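Report on one structure; see the data block that follows.
The values are calculated or read from the model by the stated rules, or taken from the named source; none is laboratory data. Because the structure is a prediction, the values reported are computed rather than measured. Don't worry about glycine lacking a Cβ; one is built from the backbone with ideal geometry, like all the others, and counts go over all protein chains shown. These accessible areas exclude ligands, DNA and RNA; they are computed on the full protein's heavy atoms, side chains included. Shrake-Rupley method; radii C 1.70, N 1.55, O 1.52, S 1.80 Å.
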Amino acid sequence: QVQLVESGGGLVQPGGSLRLSCAASGRTFGYYGWFRQASGKEREFVASIRWSGGLISYADSVKGRFTISRDNAKNTVYLQMNGLKPEDTAVYYCAGKSSVANNWDYWGQGTQVTVSS
């Protein structure tokens, strides 16, 4: 069974940091992505990475603050989030796909990130 399981969310003050993890089981995807959905808004792209290396992309809203990385041995993708702002509050989802041309067809259950004082 293919699964993507996120962890690491929580409540943090503005300016703080969190690291999200996405552990994949059942298969390894060619690409992994992080998306987020704030209450009442559509889901939006945050960052993506090619499993074999390179091809890292970020949404403009998180460039310079968030870093996506991977650990091949653990089959895990991370999202390091620094300088968090209240507008980063959302449910964060991990997604996987086989190739750059495919749709994101595997999704995790999401982890809540709340940035508030």
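Lysines within cross-link reach of K63: Cα-Cα under 24 Å, excluding same-chain residues under 8 positions apart?
Cα-Cα hits under 24 Å: K41, K85, K97.
Defining a contact as two alpha carbons under 8 Å apart and six or more residues distant in sequence, what relative contact order in percent does segment 1-48 show?
It comes to 30 percent, rounded to a whole number.
Modelling each spin label as a point 7 Å along the Cα-to-Cβ direction, I'd like the E42/K63 distance in nm, to one decimal.
2.1 nm
Using θ = phi - 60° and the Karplus curve 6.51 cos²θ - 1.76 cosθ + 1.60, what whole-Hz ³J(HN,Hα) does each residue of segment 92-102 get, with Gly and Pro shown as x?
For segment 92-102, the Karplus curve yields 9, 10, 9, 9, x, 8, 6, 9, 4, 7, 7 Hz.
Give the Rg/Rh ratio for the chain, taking Rg as the radius of gyration of the Cα atoms and Rh as the Kirkwood radius, to two decimals.
0.95
Share of the chain's accessible area from carbon and sulfur, percent, 1.4 Å?
Heavy-atom surface of the chain belonging to carbon and sulfur, 1.4 Å probe: 45 percent.
In Å², and per residue, what accessible area does segment 1-64 have when probed at 1.4 Å with the other protein chains present?
54 Å²
Which whole-number percentage describes the relative contact order of the chain, with Cα contacts under 8 Å and a sequence gap of 6 or more?
Normalised by residue count, the contact order of the chain is 36 percent.
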